[in-house]
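The values are calculated or read from the model by the stated rules, or taken from the named source; none is laboratory data. It should be emphasised that the depicted structure is a prediction, and the values quoted were computed from it without experimental measurement. Backbone-built Cβ (ideal geometry, glycine too); neighbour counts: all protein chains shown.
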Amino acid sequence: MDKLPNSKSLEPGYTLVLFTEDNPNLLAQYSDLFRVCHYHDFAAWQKKRITPSAFIVDGKGPNYITSTLDQIRRDKEVFASLCYVSGPVSNLSNKLVDGQLPEPSLLQEKIHYFSDLEKSFKYHETDVTHVGRLIKYLWLRPDFILEPYHFWKESRFYSYPLLDALSYDELDSFEWLRSLANTKILELAVLTDRQRECANCRSSHLSFIDVCPNCHAIDIDMKSSLHCFTCGCVDTQEKFVHSGALVCPKCSTQLRHIGSDYDRPIENYICQSCHHLFAEPDVLVRCASCEKEMIPDDLISNKIYSWKLSDRGRMLAARGDELDVASSFDQLDFISRELFVHDLDWLLVSSRRYPDITFSLFGIYFVNLPELVSQIGHTQVLQMLEAFAQRLRSMLRVPDLSTRSAENLVWLLLPFTNEEGLHGFQTRIETSLNALQQDNELRLDVRFVGVSASQIHEREDAELLLARQRSELM
Ligand SMILES: [Zn+2]
Ligand SMILES: [Zn+2]
Ligand SMILES: [Zn+2]
């Protein structure tokens, strides 16, 4: 490997890597304090992969800057590096960069502070998990706020370019944020926006159309109408006009005085299709992305937040000794234990009232995690768990819920699953776990427990049931 010796041992100072299209002398005044290497682009740097104390990106086209920054943030080794730019950048680039290039002495100070933080970083899963990379990135930037990027072409108007880069686009940012909040690694900073999204595809590109409440045709018009008091007929004004006078088209009464003979009803719209008269059109929402139509009440309300690293996230970064099962089960979208208990209670009550409603509760207990970690290390255990979680995920259906009540204990709530279905589910999990582990000498020791609605005591609530199932597992 053609790598420079660790830059921190170099005299003088640190190494800077400059990416520039046409300005190799940009850092001339930095050469007293820094060793400078420059490359035309990321691909050229890839050949030597000198790990610098900071990257400087200089370019005229916004695409050059954005794509260089994006490649750095997606790199398996240098993703968390300090990155500065030498001029104005796009909003998108702004989410991936540490700011404008500081003066040499200030830059030196910043790098010094950064490398101190780097030395105190202890979290083990940085190389293997998306969460690990995110925690490292945020740990190195104590005041960093993870902000959404607004762009009208995005199907949800907002995205988190840093999350997309750190997860290699493998996770949906909004789902990931939800799970990072559930596992208390991130916490809310600021509410940026609230918007309605399509219930089918979560796009926020929606159009609202007024339609006839009777036949749903879009061809509706505003028309003045009249209401005859004699026979109750309601129709458009033009139907009442006969040689200059107002005559009811139904009962032929001449209408002279508004208030005593007739009035103007609030039905001011007419449908050209079915001729229905109405006061308020219905509103229909059409999604521009998936073209599904729905009523406004069906839209999903989504809050767009900025986020920051939580105390727990900081603790993980600094101590690094917690084997976080949750992170390897990210893909299962754990809900909070409180919500899980609430939903379980609801299903218990519903299934007692309506015997057609059935469900099952399924517990998974990892018996030997600490032993395995000491034998094969964090990384491999996490990979095992991730592989298992992936199989498990493929077996779950959309309404299935999962939560975690202890480090090594996962609960699944399976609606519409009876005793027989539960039995099949357990068999599939066991088969899949065996297939996964057939070549491993050291195996994940996993115990299961399952109960379906018909086997639950009449008086038991969610907490009692969970406690009883838990004692069967341990
Ligand atoms: Zn109509
Ligand atoms: Zn009439
Ligand atoms: Zn849609």
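The figures follow:
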{"quantity": "Condition broken by Ser207, with the remaining ones in (1) of a type in the set (Ser, Thr, Tyr); (2) on the phi > 0 side of the Ramachandran plot; (3) within 16 Å of ligand 3 (Cβ to nearest atom) satisfied", "calculated": "(2)"}
{"quantity": "Number of positions in the stretch 361-390 that are among the charged types (D, E, K, R) and crowded, with 16+ Cβ neighbours inside 10 Å", "calculated": "1"}
{"quantity": "Matching helices (runs of 4 or more DSSP H) fully within the stretch 334-420 where at least 3 residues are of a type in the set (Val, Ile, Thr)", "calculated": "none"}
{"quantity": "Failed criterion for Arg443 (all others in (1) modelled with pLDDT of 85 or more; (2) farther than 19 Å from Phe359 by Cα hold)", "calculated": "(1)"}
{"quantity": "Residue identified as on the phi < 0 side of the Ramachandran plot, touching a residue at least 40 places away in the same chain (Cβ under 8 Å) and charged (D, E, K, R) among Asp297, Asp221, Asp263", "calculated": "Asp221"}
{"quantity": "Residue in the stretch 263-271 that is of a type in the set (Lys, Arg), more than 16 Å from ligand 2 (Cβ to nearest atom) and surrounded by fewer than 16 Cβ atoms within 10 Å (Cβ to Cβ) present", "calculated": "no"}
{"quantity": "Some residue of the stretch 422-437 being surrounded by 14 or more Cβ atoms within 10 Å (Cβ to Cβ) and part of a loop (DSSP other than H, G, I, E, B)", "calculated": "no"}
{"quantity": "Test for Leu277: is it within 16 Å of ligand 3 (Cβ to nearest atom) and within 16 Å of Ile218 (Cα to Cα)", "calculated": "no"}
{"quantity": "Residue that is farthest from ligand 3 (Cβ to nearest atom), among those in the stretch 290-336 that are modelled with pLDDT under 85, more than 24 Å from Leu117 (Cβ to Cβ) and not small (Gly, Ala, Ser)", "calculated": "Val325"}
{"quantity": "Matching residues in the stretch 78-113 - criterion: being outside any loop (DSSP other than H, G, I, E, B) and among the acidic types (Asp, Glu)", "calculated": "Glu109"}
{"quantity": "Condition check for Leu316: surrounded by 12 or more Cβ atoms within 10 Å (Cβ to Cβ) and without any contact (Cβ under 8 Å) to a residue 60 or more places away in the chain", "calculated": "no"}
{"quantity": "Residues satisfying the stated conditions in the stretch 444-472, i.e. under 22 Å from Leu369 (Cβ atoms) and within 33 Å of the chain's Cα centre (by Cα)", "calculated": "Leu444, Asp445, Val446, Arg447, Phe448, Val449, Gly450, Leu466, Ala467, Gln469, Arg470"}
{"quantity": "Residue check, Leu347 out of contact with any helix residue (DSSP H, G or I) (no Cβ under 9 Å at 6 or more places or on another chain), within 27 Å of Leu464 (Cα to Cα) and buried (at least 19 other Cβ atoms within 10 Å of the Cβ)", "calculated": "no"}
